[in-house]
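Asks: One structure coming up, written as structure tokens, with questions to follow.
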Amino acid sequence: MANEIWTIAEQYDGKLKNISFELLAWGRRLADQSKGKLVSVLIGNGVNDDALQHLIRHGADEVYSVQAPHLANFICPSYTAALQELIADIKPDVILAGATTQGRTLMPYTAVKVHTGLTADCTGLEIIDGLLHQTRPAIGGNIMATIKTANTKPQMATVRPKSARPLKEDAARKGNIKHITLKTPPRDLGIKVEGIRQVEGGFVNIEEAEVIVSGGRGLKKAENFKIIHELAKKLGGEVGASRDAVDRGWISYPHQVGLSGKTVSPRLYMAIGISGAIQHLAGIKTAECIVSINSDPDAPIHQLADLGIVGDAFQVVPEIMKRLEQQKKG
Ligand SMILES: Cc1cc2nc3c(=O)[nH]c(=O)nc-3n(C[C@H](O)[C@H](O)[C@H](O)COP(=O)(O)OP(=O)(O)OC[C@H]3O[C@@H](n4cnc5c(N)ncnc54)[C@H](O)[C@@H]3O)c2cc1C
């Protein structure tokens, strides 16, 4: 068994996705705890060494690059076969992937093939006495459960996107990029990717947004949510919401922020008429700057906020809009 922590990098069209770097932040911490080696594993095609160096500069000690034309697009059996071969050869201690569409497909498939356990959608990870403690919400988010894979290796987990910020790039960090050629030739799976189409219009991706303006029950009714839309538009951001606002049908579920919604990590998060329940706060822990607007001075959201505005949303938001307009005019 190699004392190696692996993080699975993701690519699309030859470009590394952000989750690759978020996983390295978790992995670096675990590798330091276990005094092991942190390896970023890239399965794909067309990612050049300059791009792979970014993985080193964001915390990896080494990169295992498995690239071939048949791995250009994520096809689960092909990626699993590649990962399975690496695991059999190197026997890592821990493997982390994003709880993304790819990670949530690849990891269970691989865990079954290599006869080990898997914890999905973790929000906390720690190595204690050589064992990976994998923490995730359970029983509908009412408790946080810590799960261990005590009897089999590798210990495998998927990690919630945006649950960690990538480490700062360190241009001086050096590490090896190992290009691995698979021994097993590609099998004819009877699967052919004809093309990839981007979703057009109406696609809400608050997880990637730099600015999010969120509304809650304090807005009182669906029509009032328009002030949230207007402010978000003015700031060039996306609209988020508390679960209460979603449950009332004021806005659709893809906008929900929190434990049973999305985890977000914007530069600016504005919480308007949101009390700051623990389940909502769980989704905004890694936001850089939180501004709360709430009429109750004791609302818990003000405790977490970098700037807490105690006031009526229906007065404060139009005032902010007015000032933004004035600023624009110069
Ligand atoms: C298992 C589980 C999972 C959950 N998952 C999530 C989740 O993912 N996301 C989530 O958000 N919640 C989640 N919840 C629900 C959570 O516990 C809260 O019920 C919810 O976040 C409350 O939403 P809210 O803040 O909009 O409403 P409230 O808690 O009712 O707060 C409304 C706030 O608006 C303020 N207000 C009222 N009028 C004004 C005004 N005119 N101007 C300014 N402020 C005003 C009030 O002072 C109050 O603080 C979950 C709960 C459970 C049990």
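Computed from the coordinates by the stated procedures, all read-outs in this text should not be read as laboratory data. For clarity, every value in this text was computed on a predicted model and none was experimentally measured. Quick reminder, even Gly has a Cβ in these numbers, built from the backbone with ideal geometry, and neighbours come from all protein chains shown.
Asks: Sort 187-195, 320-328, 237-245 by the packing proxy (mean of other Cβ within 10 Å over each peptide's residues), most packed first. Provide the component values of the computation, followed by the final result.
Replies: Values: 187-195: 8.1, 320-328: 11.3, 237-245: 25.1.
Result, highest mean first: 237-245, 320-328, 187-195.
Asks: Amide H neighbours of S265 under 5 Å, counting only residues 5+ apart in sequence or on other chains, H built in-plane at 1.01 Å?
Replies: Counting only residues 5 or more places away or on other chains, the set is empty.
Asks: Separate question: Give me, ordered by chain and number, the residues 5 or more places off C289 or on other chains with an amide H under 5 Å from its own placed amide H.
Replies: Amide H to amide H, under 5 Å and 5 or more residues apart or across chains, C289 pairs with L268, Y269.
Asks: Would you mind working out the magnitude of the charge dipole of the chain relative to its Cα centre, with +1 at each Lys and Arg C-beta and -1 at each Asp and Glu C-beta, to the nearest 20 Debye?
Replies: Taking the Cα centre of the chain as origin, the dipole is about 100 debye.
Asks: A further question follows. Go through region 93-100 residue by residue and turn each phi into a ³J(HN,Hα) via Karplus (6.51, -1.76, 1.60, θ = phi - 60°); whole Hz please, and just put x for glycine and proline.
Replies: Whole-Hz 3J(HN,Hα) from phi for region 93-100: 7, 9, 10, 10, 10, x, 7, 9.
Asks: OK, next. Going by average Cβ neighbours within 10 Å, how do the peptides 225-234, 167-176 rank, with the highest at the top?
Replies: Details: 225-234: 17.7, 167-176: 11.4.
In decreasing order of mean packing, 225-234, 167-176 become 225-234, 167-176.
Asks: Here is a further query. Please compare each pair in K17/K178; K37/K153; K37/K168; K148/K174; K148/K262 to a cut-off of 27 Å on the Cα-Cα distance and tell me which ones are over it. Present the calculation step by step, with values, prior to reporting the outcome.
Replies: On the way: K17/K178 20 Å; K37/K153 16 Å; K37/K168 19 Å; K148/K174 33 Å; K148/K262 25 Å.
Listed pairs above 27 Å: K148/K174.
Asks: Which FRET efficiency, nearest 0.05, do V310 and A138 yield, Cβ-Cβ r, R0 30 Å? Walk me through the numbers before you get to the answer.
Replies: Values: r = 35 Å, r/R0 = 1.18.
Efficiency computed from Cβ-Cβ geometry: 0.25.
Asks: May I ask you to derive the relative contact order of region 227-298, considering only C-alpha pairs under 8 Å and at least 6 residues apart, and to give it as an integer percent? Could the numbers behind the result be given before it?
Replies: Numbers: 99 pairs, mean separation 18.3, N = 72.
Relative contact order for region 227-298 comes out at 25 percent.
Asks: Taking the Cα of D129, stepping 7 Å toward and past its beta carbon, and measuring to each backbone N in region 147-163: which are under 17 Å?
Replies: Inside the label zone: 147-152.
Asks: Below 8 Å between Cα atoms, with a sequence gap of 6+, how large is the relative contact order for region 73-229 in percent? Working shown, then result.
Replies: Numbers: 161 pairs, mean separation 34.4, N = 157.
Relative CO of region 73-229 lands at 22 percent.
Asks: Continuing with the same structure: Picking from S265, G249, G236, whose Cα lies most toward the positive end of the charge dipole for region 231-274 (charges on Cβ: Lys, Arg +1; Asp, Glu -1)?
Replies: Most positive-ward Cα: G236.
Asks: In Å and from the alpha-carbon atoms only, list the Rg and Dmax of region 193-330.
Replies: Rg then Dmax for region 193-330, in Å: 15.0, 56.
Asks: Along the charge dipole of the chain, which of A81, A2, T116 sits closest to the positive end, that is, farthest toward it, with unit charges on the beta carbon of Lys, Arg, Asp and Glu (+1, +1, -1, -1)?
Replies: Selected residue: A81.
Asks: Restricting things to Cα coordinates, could you compute the convex hull volume per residue of the chain in Å³?
Replies: Per-residue hull volume (Cα only) is 166 Å³.
Asks: While we're here: State, to one decimal in nm, how far the label point of I196 lies from the label point of I177, with both points 7 Å from Cα in the Cβ direction.
Replies: Between I196 and I177, the simple spin-label model gives 1.9 nm.
Asks: May I ask which residue of L42, W26, F314 lies farthest towards the positive end of the charge dipole of the chain, with charges of +1 (Lys, Arg) and -1 (Asp, Glu) on Cβ and the Cα centre as origin?
Replies: So the residue furthest toward the plus end is F314.
Asks: Between N73 and D49, what is the label-to-label distance in nm when each label sits 7 Å out along the Cα-to-Cβ direction?
Replies: Computed distance between label sites N73 and D49 equals 3.0 nm.
Asks: Sticking with this structure for a sec: With an 8 Å cut-off on Cα pairs and a minimum separation of 6 or more residues, tell me the relative contact order of the chain in percent.
Replies: Numbers: 698 pairs, mean separation 45.0, N = 330.
It rounds to 14 percent for the chain.
Asks: Follow-up question, since we're still on this one. Using DSSP, restrict attention to beta bridges with both residues in the chain and report what percent are antiparallel, rounded to the nearest 5. Kindly include the intermediate steps, with their values, before the conclusion.
Replies: Working: 12 of 59 bridges.
Expressed as a percentage, antiparallel bridges in the chain total about 20.
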